[in-house]
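Just so you know, all these numbers are worked out from the coordinates, no wet-lab data involved. Values in this document were obtained by computation on a predicted structure and should not be read as measured data. Glycine gets a Cβ as well: all are built from the backbone with ideal geometry, and neighbour counts include every protein chain shown.
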Amino acid sequence: MKHKLSLKSSVKSVLFFMMVFFYYTESQAQNQNLPQRIMINPLESGHTGVAITWRNLNPDNEQYIQWTEAHPHPVKMEAEADSKRKDHAAVYHEQKAMSRTDTVDYKGVESYVTSCRVALTGLTPGEMYMYRVGGHAGGWSEWIQFTMSPGHPDSTLTFIYLGDPQNDLRSQWSRVIRESYKTAPHSDFIMYAGDLVDNGYNDAEWKDWYEAGSFIHRMIPSISTPGNHEYTDVILTPLWRSHFELPANGPEGIKALEGACFYIDYPAVRVISLDGEQIDENPEYRLAMVNWLRNLLEETTQKWVVMTMHYPFFHTNPRRNNPKLRKAFKPLVDEYGVDLILQGHDHGYGRGMLDEIADGPSTQGTMYVVSLSGPKVYEVGHDKWMQKRGENIQLYQVIEIEGDELHYKAYTTDGELFDSFTLEKLEKGSRLVEK
């Protein structure tokens, strides 16, 4: 009798575990079809359009975006709208996504990555929108909200600036980006100054980078400039353009610089990205960027100009130097009065305002900043260009521009204020006001 009960119990256990395994594998299969790594980037006109990208693990499933102006009511697609709630039935737009497949070779192993992208143009400045991505066959993401930047030149523009995440992304860098979001949740964008990961061809690192920021990357547009760790043999990883859809408005006819050298306009601010690795390694592309930047600065009508690139004009690490960058671009920075340059690469913190002479700190001209958000730290020297320095520290920066003033604050990982200053706009460049 005991043997029969034991056999019956064993059969039940086997059936139970088979059922659990079936539901687990079914759930995993469904999750594999859902969109992953959803990113939002600004278009060339950052206050009127965005691009949204995501990873699609099943290329056979057609992908779409559904979106509308944000509203306070439960979501009911137009066809499902209750007749008693017609007043609250929003108009939902549906747009088919473009798909691209990139081939990535990492350590001799080839993989194929399919990503999807859509551009939403003609959006209303200052308006909040909601969207989801996915497909009718494979399933949809959650509904996500984002807010467009204001459309008036006197409106406040706020953004987060992060230098080199690079290492221990999920375990350590995560608390930096999450604390920055906690400090400035209504930022218009997040700026990354290169080396987002340690090896740009390693998809697992990009997965960790995305998971560290999670929903933040889905809600706040990112402006990213590539670093040397996004390159191998001076070739930008295919995963850069797989994850990001940044403007292709750089030097004409140079495909290698698309999504790496570009500009984005807001009513009072022009943001310019230069490709630091190509400046350092490729004389032809360096000259092309010089000519492009000259024309860009010549035509700029925005009150403020903010530039970003990975390699710094002036180093914090005493064993590093970038003379090619300074020689090619500093004359343009001085001539046109660029206000703020945000950089990475040196794995430490330094900032200083320099004029055309550039033999020591000044109170007017261009403010140069080098910063670090990841846990990989280097020695910081005592070069006289730095008015503030820091080492063995992870930081994030919140920058607010309103009217004729730019307010800059650098915070430690635990949210403590580490450095701050204010720039007052001059006819050319800015004046430093320590506050």
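Quick look at the values:
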read-out	value
Fraction of beta bridges assigned by DSSP in the stretch 157-433 that are antiparallel (%, nearest 5)	70 percent
Neighbourhood net charge (11 Å Cβ-Cβ; Lys/Arg +1, Asp/Glu -1) for ALA193	-3
Förster-model FRET efficiency, 35 Å R0, THR68 and LYS428, C-beta, rounded to 0.05	0.20
Estimated 222 nm signal from helices in the chain, with DSSP H stretches of n ≥ 4 weighted -39500 (n - 2.57), rounded to 500	-7500 deg cm²/dmol
Test item: Cα-centred dipole of the stretch 91-210, Lys/Arg +1 and Asp/Glu -1 on Cβ, debye	340 debye
Total charge dipole magnitude, the stretch 157-433, about the Cα centre, Cβ charges on Lys, Arg, Asp, Glu only, Debye to nearest 20	260 debye
Cβ-based net charge around ILE223, under 13 Å, with every Lys or Arg adding one and every Asp or Glu removing one	-3
The stretch 282-396, Cα convex hull volume normalised per residue, Å³	107 Å³
Filtered chymotrypsin sites (Phe, Trp or Tyr not before Pro), the stretch 123-174: DSSP coil and at most 16 other beta carbons within 10 Å	TRP143
Amide proton proximity set for MET307, modelled H, under 5 Å, gap of 5+	ILE272, LEU340, ILE341, LEU342
Estimated vicinal HN-Hα couplings, Hz - the stretch 104-110 in sequence order (Karplus 6.51, -1.76, 1.60; Gly, Pro = x)	10, 10, 10, 6, x, 10, 8
Hull-based mean projected area of the stretch 338-432, where the convex hull spans the alpha carbons, in square nanometres	5.9 nm²
Over 27 Å between alpha carbons, listed pairs LYS76/LYS207; LYS388/LYS428; LYS255/LYS425; LYS207/LYS330	LYS76/LYS207; LYS255/LYS425; LYS207/LYS330
Reciprocal of mean inverse Cα separation for the stretch 40-147 (Kirkwood radius, Å)	15.6 Å
Phi-based couplings in Hz for the stretch 261-270 (Karplus 6.51, -1.76, 1.60; Gly and Pro marked x)	10, 6, 9, 9, 9, 10, x, 10, 9, 10
Cα convex hull of the stretch 157-433, projected area averaged across orientations, nm²	12.7 nm²
